[in-house]
Amino acid sequence: MNEYIPKGWKRVKLGEVIKVKHGYAFKGKYITDKETDAIIVTPGNFKIGGGFKSSKFKYFNFEYPKEYILKEGDIVVTMTDLSKDSDTLGYAAKIPSIKNKILLHNQRIGLVEFINNEVSKDFIYWLMRTTDYHWYCVSSASGTSIMHTSPSRIANYEFYLPPLHEQKAITSVLSSLDDKIDLLHRQNQTLEKMAETLFRQWFIEEAKEDWEEVKLGDFFPVKTGKKNANFATDDGKYPFFTCSQEVLRAPFYTFEGYAILLAGNGDFNVKRYKGKFEAYQRTYVLIPYEDLYVGFLYTLIKYFLPEITGSYQGSVINFITKGMIENFSFTLPSNRKTDEKFKSKLQKINLIYEKIDFNIKQIRTLEQLRDTLLPKLMSGEVRVKI
């Protein structure tokens, strides 16, 4: 069967339109988790499937060569992957603007430089987010536990290049979806801050002296997940939460309900979830007795996390115990079961998180649409009407 080639498209190699520049070998002794004005872009700043991940930054606290400062909109690729499945190797990300921060081009990152004016930069960016390109990078990579690609390997990747006007039409569709996803993410960040502000105002700043002392253990049982995974024989798929991530699996044993999940070690991150799920033994599962308190308790745990873990005085701890959660105390109105104003405040916080959850569903729908369209648009299977 002959390969379908859209009319006007031509087969080229990436090396004909771009070159990939290695970064600088910043000295490890000056790389720190403590915040400075200089962020070093690492493979950890790439999402699976491509795109920039603005979390868990590494910083640099020494002088650096100015020619390795990245600019907003620069396209970078990850040249090294430490994950078991090489799930970010070769993928592209765009450098964002981060207020009062400089982003540095690290040696394990490649900077894409364009050498041909027949291509749209955004088209190449999306091309380098396709699974076909990613698996080319993985299959041609060197290394065993740590996988590496190189500028020369990336340069040899072949693809079909449409005319420039069609490139721009394709990227317009994909970028508009990404813009909507980004907008929803930013809305959720604003909503999270709104919930935290209301919590602080209502339950910290406006707390009354006659409020009674209560403990977290009064509001939910403190449970943990399973040590070993058991898989069901049916096709049911539920999220599986560990201390650092969420994956899909088909478990035999599940939790269900409005849950707050607190990592028992590591960075002690806190998550919310509604529905069926399974959790690892080092993840604490907190399902409130009353749904009315879910948003309040989630916000409270985030707000007081340093005090709950005992790390607020600068001490270093390796794990949280069940007692540290159960025995953490705070104050609430003694008449809270009949106080309608108090209940109204709890409900308003819940409504904020319901809006966040609605946005998350929209994000997942848009991501699925984008990821479905991406290979079809890039191959010409689906054409954009121009």
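Contact annotation: residue pairs with Cβ atoms under 8 Å, 6 or more positions apart or on different chains, pairing a residue in segment 322-333 that is among the hydrophobic types (A, V, I, L, M, F, W, C) with a partner that is modelled with pLDDT under 95 and in a helix (DSSP H, G or I), are 324/308; 324/309; 325/308; 328/307; 328/308. Listed by first and then second residue, the pairs linking a residue in segment 22-35 that is without any contact (Cβ under 8 Å) to a residue 60 or more places away in the chain to a residue that is open to solvent by 60 Å² or more (accessible area, probe 1.4 Å), with Cβ atoms under 6 Å apart and 6 or more places separating them unless they lie on different chains, are 30/61; 30/62; 31/58; 32/61. Looking across segment 181-228, the residues that are part of a helix (DSSP H, G or I) and β-branched (Val, Ile, Thr) come down to 181, 190, 197, 204. The set of residues from segment 345-386 being over 30 Å from residue 6 (Cα atoms), open to solvent by less than 50 Å² (accessible area, probe 1.4 Å) and either without any contact (Cβ under 8 Å) to a residue 40 or more places away in the chain or of a type in the set (Val, Ile, Thr) (or both) comprises 349, 352, 356, 363. Only one of the numbered conditions (1) farther than 24 Å from residue 374 by Cα; (2) open to solvent by 40 Å² or more (accessible area, probe 1.4 Å) is violated by residue 106, and that is (2). In contact with a Leu (Cβ under 7 Å, 6 or more places away or on another chain) and over 18 Å from residue 196 (Cα atoms), is that true of residue 358? Against the criterion (in contact with a Leu (Cβ under 7 Å, 6 or more places away or on another chain) and over 18 Å from residue 196 (Cα atoms)), residue 358 does not qualify.
The condition of being at pLDDT 90 or above, among the β-branched types (Val, Ile, Thr) and surrounded by 20 or more Cβ atoms within 10 Å (Cβ to Cβ) holds for only one of 285, 294, that being 294.
Scanning segment 1-31 for residues that are of a type in the set (Ser, Thr, Tyr) and either part of a strand (DSSP E or B) or at positive phi (or both) yields a single hit, 24.
No other residue among 6, 43 is within 19 Å of residue 86 (Cβ to Cβ), in contact (Cβ under 8 Å) with a residue 40 or more places away in the chain and open to solvent by less than 50 Å² (accessible area, probe 1.4 Å) apart from 43.
The values are calculated or read from the model by the stated rules, or taken from the named source; none is laboratory data. Keep in mind it's a predicted model, so treat the numbers as computed, not measured. Ideal geometry is used to build each Cβ from the backbone, glycine not excepted, and the neighbour counts take in all protein chains shown. Only protein heavy atoms, including side chains, enter the accessible area calculation; ligands, DNA and RNA are left aside. Shrake-Rupley method; radii C 1.70, N 1.55, O 1.52, S 1.80 Å.
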